[in-house]
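Participant: Below you will find the structure I want to go over with you.
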Amino acid sequence: MDSSELELQRAAAVAEAMDDIRRIESDLGVTGAGVEAIRDRLVRLSELRALFPADQFLAPASEDAKSSYLYRLAQDADDRFALYLQSSAGQVTTPAHNHTTWAVVVGFEGQELNKFYTRTTDGGIEKTHEHLVEYGTGVAMLPDDLHSIHIDGSALNFHCYGLALERLESREYHSPTTNEWKIFSSVSGIREGRTNLQNC
Ligand SMILES: [Fe+2]
């Protein structure tokens with residue numbers, strides 16, 4: 001398959017998955033059952049491995065200040081239903097945070113450890129459980145759910161949100177040093193991974 005044929009097939013597979021995900025949210029709402037069904041749909045998308053070759057979604061080089069890149073694969077005109085491929089190399093760690101929209105992570109290559117937390121009455125956090133996201137598995141979160149991610153090595157994962165990351169302006173994270181909740185600055189520097197079908 002040449003690269004433009006591959007891009008067409010990838011765009012069609014992503015569009016089909018996002019159509020299903022819109023329908024799932026409409027049918028089941030932003031509920032545990034809804035986000036788990038979205039996760040399962042993205043696991044099915046991840047099974048089309050050949051459509052997402054690692055050399056088209058390169059991770060940062062070792063001299064790069066970043067250790068991961070986000071490639072946008074889908075996003076509606078109103079910025080809802082955003083799907084990214086996160087390509088990382090080396091260590092990626094986040095503090096515990098919420099998303100203010102539903103969020104799903106599905107493994108593709110490598111491993112991303114997800115730790116989950118609840119808030120404690122003194123304003124801190126307490127870990128409840130972990131899930132190692134790797135090929136064929138994923139995690140699904142409601143808007144207030146708290147997690148942190150921990151990657152050591154190369155990894156390629158789907159990250160999907162009810163609203164685009166650039167629009168999430170009030171995500172909270174827990175500072176372990178001060179035991180305070182702070183607001184994440186908006187994500188920038190997202191790379192365009194969508195196929196312009198008119199150019200194919
Ligand atoms: Fe997150």
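The values are calculated or read from the model by the stated rules, or taken from the named source; none is laboratory data. This one's a predicted model, so the numbers in the text were calculated from it and none came from an experiment. Reconstructed Cβ throughout: ideal geometry from the backbone, glycine too, with neighbour counts over all protein chains shown. Accessible surface is based on the protein model in full, side chains and every heavy atom, while ligands, DNA and RNA are left aside. Shrake-Rupley method; radii C 1.70, N 1.55, O 1.52, S 1.80 Å.
Participant: Output the residues belonging to the stretch 4-62 that are assigned to a loop (DSSP other than H, G, I, E, B) and open to solvent by 60 Å² or more (accessible area, probe 1.4 Å).
Facilitator: Within the stretch 4-62, VAL30, GLU47, LEU48, LEU58, SER62 meet the criteria.
Participant: Tally up the residues in the stretch 70-92 that are at pLDDT below 95 and either open to solvent by 20 Å² or more (accessible area, probe 1.4 Å) or farther than 11 Å from ILE151 by Cα (or both), please.
Facilitator: Adding up the residues that qualify gives 3.
Participant: Counting just the residues of the stretch 71-102 that are of a type in the set (Ser, Thr, Tyr) and out of contact with any Cys (no Cβ under 9 Å at 6 or more places or on another chain), which one comes out nearest to the ligand (Cβ to nearest atom)?
Facilitator: Among those residues, the one meeting the criterion is THR94.
Participant: Need at least 2 residues that are more than 30 Å from ASP55 (Cα to Cα) per element, so show me which strands (runs of 3 or more DSSP E) inside the stretch 67-140 make the cut, counting only ones lying wholly within it.
Facilitator: Where strands (runs of 3 or more DSSP E) fall fully within the stretch 67-140 and carry at least 2 residues being more than 30 Å from ASP55 (Cα to Cα), they are 112-119, 125-133.
Participant: For the structure I just gave you, tell me whether ASN179 is at positive phi and of a type in the set (S, T, N, Q).
Facilitator: yes
Participant: Restricting to the stretch 159-197, give me the number of residues that are of a type in the set (Val, Ile, Thr) and within 11 Å of the ligand (Cβ to nearest atom).
Facilitator: 1
Participant: Is it the case, given these coordinates, that LEU156 is within 28 Å of ARG72 (Cα to Cα), away from the ligand (no atom under 15 Å from the Cβ) and open to solvent by less than 30 Å² (accessible area, probe 1.4 Å)?
Facilitator: yes
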